[in-house]
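**Student:** Take this structure, written in structure tokens, and hold onto it; I'll ask about it next.
Please treat every number below as a calculation from the coordinates, not as lab data. Everything numeric in this text was worked out from a predicted model, so none of it was measured. So basically every Cβ, Gly included, is an ideal-geometry build from the backbone, and we count neighbours across all protein chains shown.
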Amino acid sequence: MAWQEIGDRVFTRKYPFFNQQIGVVLGGRDVLVVDTRSTPAQAREIASELRELTRDPVSIVVDTHWHFDHSFGNSVFRPATIWGHIRAAEQLRREGAATIEEVAAELPEIAADIRETVIDPPERTFEDRATVHVGDRVVELSYHGRAHTDGDIVLVVPDADVMFAGDLLEEGAPPSFGDSFPLEWPATVEINLEKVEALRVDQGFLGRMLNYGTIHITGAGTSVAPMPNIADPLVFRRKFMEATNRPLTRPTGG
């Protein structure tokens, strides 16, 4: 799959491993990458394919949360600045080394690659909100509560009407609940959907697309029926909780 421009100088590209979809924001000579995939080799694949968009090096990385399939490629992009939630950075420092061996055992096809990982947590962290300057534009980072992890963040590119939401929403499979907070997750998603409505964001959830008014979850595998209108949060909560009662199909990451 090629890079798709989903807003002014904002791109995504989908990778088949775990249906990962990586985001890129270009501004001036700056290049911001949203999430870095699961291994250094996978991160180098991003870096190589970025040459299709720009010759400038990656200067900023944002981890949407700490899980290995979003952050284990971080070191490849140094000396870029890496941003993330303070608890995501703490969790990566605390759990990163053990996770390498857990994933190597569970996914032998990437065992050699993942053992090359250098755990490299974000050094620019925040609790609630942060603003990142990407050349001539800004990207807003925000935390709205526990959900998939206790450190999920969203990125909004206001001048492009694009939001990246990491794994707060899942398409084509039940969410991964390993270290999640399922009873709090729906309320956190609702806050973000209200943000979408307020900003009139019409595209760009990472790995998902939003059409204003109704949420259409498409791409990254199998399309599913539209979720309820975001003006009806109680219906959304019920539908989300129904979805979270499905069995877990992916044991790690997410």
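**Student:** Rounded, prolate or oblate: which one fits segment 76-199, using the alpha carbon gyration tensor with axes a ≥ b ≥ c (rounded when a/c is under 1.5, else prolate when a/b beats b/c, else oblate)?
**Tutor:** Note, shape of segment 76-199 comes out oblate.
**Student:** Here's another thing I want to ask about it. Report, for segment 54-167, the % of DSSP beta bridges that are antiparallel, rounded to 5.
**Tutor:** DSSP beta bridges in segment 54-167 are roughly 70 percent antiparallel.
**Student:** I need the calculated FRET efficiency for the pair residue 5 and residue 128, taking r as the beta carbon distance and R₀ as 41 Å, to the nearest 0.05.
**Tutor:** 0.85
**Student:** When only C-alpha pairs under 8 Å and at least 6 residues apart count, what is the relative contact order of segment 1-48, in percent?
**Tutor:** After rounding, I find 22 percent.
**Student:** Listing 70, 85, 133 from the residue with the fewest other Cβ atoms within 10 Å to the one with the most, what is the order?
**Tutor:** 133, 85, 70
**Student:** Can you give the net charge of the other residues whose Cβ lies under 13 Å from the Cβ of residue 93, counting K and R as +1 and D and E as -1?
**Tutor:** Once positives and negatives cancel, what remains is -3.
**Student:** Then there's this: Find how many whole Å separate the alpha carbon centroid of segment 114-175 from the alpha carbon centroid of segment 1-50.
**Tutor:** Their Cα centres are 14 Å away from one another.
**Student:** Also: Taking the C-alpha atoms of segment 41-127, how large are the radius of gyration and the largest Cα-Cα span, Dmax, in Å?
**Tutor:** 13.2, 37
**Student:** Please give the length that would be gained between residue 47 and residue 102 if that part of the chain were fully extended, namely 0.36 nm times their separation in residues minus their C-alpha to C-alpha distance (nm, one decimal).
**Tutor:** Additional length available on full extension: 17.2 nm.
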